[in-house]
Amino acid sequence: MDYTINHPYLNGLMQDVMKKNPNEPEFFQAVHEFLSSIEPAMATHPELIEKQVLERIVEPERQVMFRVAWVDDNGKIQVNRGYRIQFNSAIGPYKGGIRLHPSVNLSILKFLGFEQIFKNSLTTLPMGGAKGGSDFDPKGKSDNEVQAFCQSFMRELYRHIGPDCDVPAGDIGTGAREIGFMFGQYKKIVNEFSGVLTGKKLSFGGSLARTEATGYGLCYFVDCLLAKKQDSFAGKTVVISGSGNVAIYATEKATQLGAKVVALSDSNGYIYDENGINLDAVKEIKEVKRGRIKDYLNYVPTAKYTEDVNGSKGIWTIPCDIALPCATQNELNLESAKALAANGCKIVAEGANMPTTPDAIAFLQENKIYFCPGKAANAGGVATSGLEMCQNSARYSWTFEEVDAKLKGIMTDIFNNVDTTATAVGCEDNFVVGANIAGLLKVSDAMIAQGCI
Ligand code: NDP
């Protein structure tokens, strides 16, 4: 991968990041995408260089790594590694999810924490950027084992977080069950019932519509783009990768808006249902039984399942108007982008974080396929986490409709901000440029106002 940037100052900074953070390819990828896209703002914002904003913003404020020891069902001690990357608190308390997946490492969490800074800034809510997690794999573990891990994880994490300091949330592998175990342990240690985590169950401070928020928000964002082009979801064919939280609720909202979702996946393969996905079946498989996407054939025998050991790449060969990658990073590569283009796809919008590789993004943009980056398009999840924090602070709950209306308003504002910013710097419809510059300028203003810290 070539991380050169045309702008000499930005290029020098990129080289420094690579020297200081060896062997962190995902982090390089995220920083490179960011630095290379803010070039149009450099001439009109000399303060970015004068105040060393960029040198500071690529350096996490704090990185915590710790041992997580727990006892499995056979009485054997297991050891995982826990992390929390507190990247930037200029505009609010650190905020970002906890990822539990065997692939988790420092590079992946730094890329996610870095992106979170700009995503949270775009939501208009006061939230800084962070990310955390562990290489623990909840798949195949008993509830007891998941509980043992979550409690041990929180026995260290509790000292680094708090409702006004750092408010973690869910991510891959961390759903309501895991958040519940972590919340219980935090409450026990600190002796305090507070909004220290979001993504909680409704019975102890969760927000209605948080479960749906990322997938719904993604579709609201795409709907704004379609409306700008005098178009809509009605009658469109949509392919969605993944079959977790984001994928399920993107499927639900796209279907409600009149589209037909024909495919979903997991890390073993993908299903194709030409009649449109039966979402009740998927919810039962994934949310109730914690099964695999191939189990869909037990509910809809006419659907097709294809094994795909390399992740969800084969799914992008299915013809569609709109592609929503909602599984994981780098799941949509150049080959996939070419297949989508050849089949007439018009929009690729990221529900997952950084699912599209840099060469695939360049190809999509060159071929006039609208590309919506995750830091804008999937910001509905963290925005609704921000709304959960508001409700917890006020000790009050809004209705589903109230939260959903606020979410829709936020996604519309994000789209307009990103769109206007891109146009203002002469890059109309380049939503990567728009999202990065709009996200950066708010954080930069706050960092400069707060002095050298
Ligand atoms: P879940 O754990 O609920 O679901 C993840 C889904 O992606 C699963 O179906 C999983 O399949 C699949 N997946 C994971 N790795 C791969 C792979 N290598 N190839 C193919 N499929 C894979 O996570 P979420 O839905 O919460 O998160 C999905 C993405 O969205 C992540 O990038 C996350 O960071 C991002 N995101 C999530 C938000 C949220 O609110 N939840 C907010 C903003 C972004 P399997 O079961 O086989 O692992």
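The values are calculated or read from the model by the stated rules, or taken from the named source; none is laboratory data. These numbers were taken from a predicted model, which means no experiment stands behind them. Because the Cβ atoms are built from the backbone with ideal geometry, glycine has one as well, and the counts that use them run over all protein chains shown. Note: areas computed on protein heavy atoms with side chains; ligands, DNA, RNA excluded. Shrake-Rupley method; radii C 1.70, N 1.55, O 1.52, S 1.80 Å.
Quick look at the numbers
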| read-out | value |
| --- | --- |
| All strands (runs of 3 or more DSSP E) inside the stretch 293-363 with 2 or more residues being under 20 Å from THR251 (Cα atoms) and open to solvent by 10 Å² or more (accessible area, probe 1.4 Å) | 304-307 |
| When residues of the stretch 99-108 are limited to those that are open to solvent by less than 30 Å² (accessible area, probe 1.4 Å) and touching a helix residue (DSSP H, G or I) at 6+ places or on another chain (Cβ under 9 Å), the one nearest to the ligand (Cβ to nearest atom) | ARG99 |
| Whichever residue in the stretch 4-13 is in a loop (DSSP other than H, G, I, E, B) and not hydrophobic (A, V, I, L, M, F, W, C) and, among such residues, is least open to solvent (accessible area, probe 1.4 Å) | HIS7 |
| Residues within the stretch 220-266 that are in a helix (DSSP H, G or I), in contact with a Cys (Cβ under 7 Å, 6 or more places away or on another chain) and open to solvent by 40 Å² or more (accessible area, probe 1.4 Å), tallied | 0 |
| Set GLY386, GLY426, GLY409: member being closer than 21 Å to GLU115 by Cα and of a type in the set (Gly, Ala, Ser) | GLY386 |
| Matching residues in the stretch 416-453 - criterion: being assigned to a loop (DSSP other than H, G, I, E, B), free of Cβ contacts under 8 Å to residues at least 40 places away in the same chain and open to solvent by less than 50 Å² (accessible area, probe 1.4 Å) | GLY451 |
| Residue within the stretch 119-129 that is of a type in the set (D, E, K, R) and open to solvent by 50 Å² or more (accessible area, probe 1.4 Å) present | no |
| Residues located in the stretch 184-215, provided they are assigned to a loop (DSSP other than H, G, I, E, B) and either without any contact (Cβ under 8 Å) to a residue 60 or more places away in the chain or of a type in the set (A, V, I, L, M, F, W, C) (or both) | ASN191, GLU192, PHE193, VAL196, LEU197, LYS201, LEU208, ALA209 |
| Pairs where the first residue, in the stretch 153-179, is outside any loop (DSSP other than H, G, I, E, B) and the second is among the small types (Gly, Ala, Ser) and more than 16 Å from the ligand (Cβ to nearest atom), C-beta under 7 Å, 6+ apart | PHE153/GLY82; GLU156/GLY82; LEU157/GLY82; VAL167/GLY195 |
